[in-house]
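J.: This is the structure I want to talk about, given as structure tokens.
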Amino acid sequence: MNTNYRFTFGPWNISTGADPFGPPIRPELSVAQKLREYKKLGFDGIQLHDDDVVPADWSPEQTRRGVAEFKKMLDDEGLFAEFIAPRLWEDPRTADGAYTANSESDRRYALDRSRRAIDIANMLGTRDIVLWLAREGTYIREAKDPVVAVQRILDAVNALLAYDPTIRLLGEMKPNEPMDQAYLPTPAHFLALCYRTADPSRCGVLIESAHSILAGLDPSDDMAYALWHGKLWSVHLNDQNGLKYDQDKSFGSVDLRRAFNTVWVLERAGYSGCVGLDVKSMRTTRPEHQTKHLANSRAIFLRLVEVARRLDVQTVERCRAERDYEALEMYVLDCLMGRV
Ligand code: XUL
Ligand code: MN
């Protein structure tokens, strides 16, 4: 049983409330201001994109100095860096995908930028690199050769594994958005690819609840499958109201039972990775309340841990043995409603 969950989130989880239909509605906080919030909210570590640390166009020397300054800020706040994710979806050279772009020079840019993210990870003392393959897909299926695309993703993963023999690569898969359809749309797709890489022991997944739901899958089953492989190395817990854009709602806020099942699976399996909360505050949230969704998501997780621990395993096993799933369902709902 894991009695010591470590909580993390990224600077993007304290946001201005801008959406595709409206500009920022809250002032942007500086990174230093955000870092000061972590411990107060009960969080232990930070998740980072490469350019959350230093701008992507800085020279190697500027980068070295900038990362050292960032590391000092983290150390001063008592925070660790959980992972670095190369942001391969904003630069114009990644418009047509990064590793799967049709242009050879764009593909080279994506790899160079990913290698630089590994350098930053080394300087910050983490070995985990998260690949959210945001634009590895198409708007129209004829735009790319899908067989070649999968090979290009594998080649990129192998190039990164070869660049640094100590890093681990965690695929964070999502079936759509920003692309209409993504290549490798689910964690299971990436897991299959892991075994074809030059070093499967260094390839695994980060699973986000909302991404599983968008793929029509249950997050707890997706996570259980990766746990069985010994490859669930991080999670992004949040919630999602049906099949629409990626909502990143507070964990458990839409479907408490689904959230409970996620926690129950992590608990039973002795999950030892960080509990990342990739949640977004509502646009209506006032600046003075803009970290509440993080505190709430963490509190909901911990309350569901209590429920999972209170659950009487013998009752569950008896219901299973008697194939009385009606009773089991009522028992679980009673637990969730505080009746047990
Ligand atoms: C996108 C998403 C990202 C990744 C990090 O949907 O979840 O925030 O978690 O790049
Ligand atoms: Mn995420």
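J.: Within segment 247-264, can you find the residues that are buried (at least 21 other Cβ atoms within 10 Å of the Cβ), under 18 Å from the mean Cα position of the chain (by Cα) and not charged (D, E, K, R)?
T.: S250, F251, G252, A259, T262, V263
J.: Take the residues of segment 160-191 that are open to solvent by less than 10 Å² (accessible area, probe 1.4 Å) and more than 16 Å from ligand 1 (Cβ to nearest atom): which is nearest to K244 (Cα to Cα)?
T.: Only one residue fits best here, namely L191.
J.: Take the residues in segment 192-211 that are open to solvent by 20 Å² or more (accessible area, probe 1.4 Å) and either of a type in the set (A, V, I, L, M, F, W, C) or within 15 Å of ligand 1 (Cβ to nearest atom) (or both), then tell me which one is farthest from A149 (Cα to Cα). If you could, list the steps in order and put the result at the bottom.
T.: Step one: of segment 192-211, the residues open to solvent by 20 Å² or more (accessible area, probe 1.4 Å) are 192, 195-196, 198-202.
Within this subset, residues satisfying the condition of being either of a type in the set (A, V, I, L, M, F, W, C) or within 15 Å of ligand 1 (Cβ to nearest atom) (or both) are 192, 198.
Numbers: A192: 15, A198: 18 Å.
Within segment 192-211, the match that is farthest from A149 (Cα to Cα) is A198.
J.: Which residues, taken from segment 120-142, are away from ligand 1 (no atom under 11 Å from the Cβ), without any contact (Cβ under 8 Å) to a residue 60 or more places away in the chain and open to solvent by 10 Å² or more (accessible area, probe 1.4 Å)?
T.: Passing the criteria: N122, M123, G125, T126, R127, R135, Y139, I140, R141, E142.
J.: Hey, can you tell me all the residues within segment 1-57 that are of a type in the set (S, T, Y) and either closer than 20 Å to D239 by Cβ or in contact with a Cys (Cβ under 9 Å, 6 or more places away or on another chain) (or both)?
T.: Within segment 1-57, the subset of a type in the set (S, T, Y) is 3, 5, 8, 15-16, 30, 38.
Y5, T8, S15, listed by residue number.
J.: Residues in segment 160-219 that are within 16 Å of ligand 2 (Cβ to nearest atom) and not aliphatic (A, V, I, L, M): how many? First the steps, then the outcome.
T.: Residues of segment 160-219 within 16 Å of ligand 2 (Cβ to nearest atom): 169-179, 182, 184-187, 190, 204-215, 217, 219.
So of that shortlist, the ones also not aliphatic (A, V, I, L, M) come out as 171-172, 174-178, 185-187, 190, 204, 208-209, 211-212, 219.
So the answer is 17.
J.: Turning to a different aspect of this structure: Looking at the structure I just gave you, is V313 in contact (Cβ under 8 Å) with a residue 24 or more places away in the chain and more than 16 Å from ligand 1 (Cβ to nearest atom)? Break it down stepwise before answering.
T.: Working: in contact (Cβ under 8 Å) with a residue 24 or more places away in the chain: no; more than 16 Å from ligand 1 (Cβ to nearest atom): yes.
Criteria not met by V313.
J.: When you go through (1) more than 20 Å from I129 (Cβ to Cβ); (2) within 15 Å of the chain's Cα centre (by Cα); (3) surrounded by fewer than 22 Cβ atoms within 10 Å (Cβ to Cβ) one by one for Q240, which number turns out not to apply?
T.: Of the numbered conditions (1) more than 20 Å from I129 (Cβ to Cβ); (2) within 15 Å of the chain's Cα centre (by Cα); (3) surrounded by fewer than 22 Cβ atoms within 10 Å (Cβ to Cβ), the odd one out for Q240 is (3).
J.: Could you tell me whether any residue of segment 273-294 is within 16 Å of ligand 2 (Cβ to nearest atom), under 23 Å from E37 (Cβ atoms) and of a type in the set (V, I, T)? Walk me through it before giving the result.
T.: Taking segment 273-294 first, the residues within 16 Å of ligand 2 (Cβ to nearest atom) are 273-281, 293-294.
Among the residues that remain, those that are also under 23 Å from E37 (Cβ atoms) are: 273-281, 293-294.
Going one step further and asking which of them are of a type in the set (V, I, T), we end up with 275, 279.
Checked against the condition, which is being within 16 Å of ligand 2 (Cβ to nearest atom), under 23 Å from E37 (Cβ atoms) and of a type in the set (V, I, T), segment 273-294 yields at least one hit.
J.: Need pairs with beta-carbon distance below 8 Å; first residue closer than 15 Å to G252 by Cβ and within segment 322-340, second open to solvent by 60 Å² or more (accessible area, probe 1.4 Å); sequence gap 6+ or separate chains.
T.: Matching pairs, first to second residue: V332/R257; L333/R257; C335/R310; L336/L256; L336/R257.
J.: Okay, next question. Hey, can you tell me all the residues within segment 300-329 that are under 21 Å from H236 (Cβ atoms) and open to solvent by 30 Å² or more (accessible area, probe 1.4 Å)?
T.: I300, L302, R303
J.: Out of R152, R115, which single residue is open to solvent by 40 Å² or more (accessible area, probe 1.4 Å), assigned to a helix (DSSP H, G or I) and either of a type in the set (V, I, T) or within 16 Å of H49 (Cβ to Cβ) (or both)?
T.: Details: R152 fails: either of a type in the set (V, I, T) or within 16 Å of H49 (Cβ to Cβ) (or both).
Only one candidate passes the filter, namely R115.
J.: Only helices (runs of 4 or more DSSP H) wholly contained in segment 8-99 count here; list those with 1 or more residues that are open to solvent by 80 Å² or more (accessible area, probe 1.4 Å). Give the derivation first.
T.: On the way: elements: 31-40, 50-53, 60-77.
Per the criteria, 31-40, 60-77.
J.: Further, regarding this structure: Going by what's in this entry, would K280 be described as open to solvent by 30 Å² or more (accessible area, probe 1.4 Å), over 24 Å from F80 (Cβ atoms) and within 14 Å of ligand 1 (Cβ to nearest atom)? Steps first, please.
T.: Working: open to solvent by 30 Å² or more (accessible area, probe 1.4 Å): yes; over 24 Å from F80 (Cβ atoms): no; within 14 Å of ligand 1 (Cβ to nearest atom): yes.
When the stated conditions are applied, K280 does not pass them.
J.: Sticking with this structure for a sec: I want to confirm something. Restricting to segment 212-230 and keeping residues that are open to solvent by less than 10 Å² (accessible area, probe 1.4 Å) and in contact with a strand residue (DSSP E or B) (Cβ under 9 Å, 6 or more places away or on another chain), which single residue is nearest to ligand 1 (Cβ to nearest atom)?
T.: Out of the qualifying residues, it is P219.
The values are calculated or read from the model by the stated rules, or taken from the named source; none is laboratory data. As the structure is a prediction and not an experimental result, all values here were calculated from the model. Note: ideal-geometry Cβ built from the backbone for every residue, glycine included; neighbour counts use all protein chains shown. Ligands, DNA and RNA are excluded from the accessible area calculation, which covers all protein heavy atoms including side chains. Shrake-Rupley method; radii C 1.70, N 1.55, O 1.52, S 1.80 Å.
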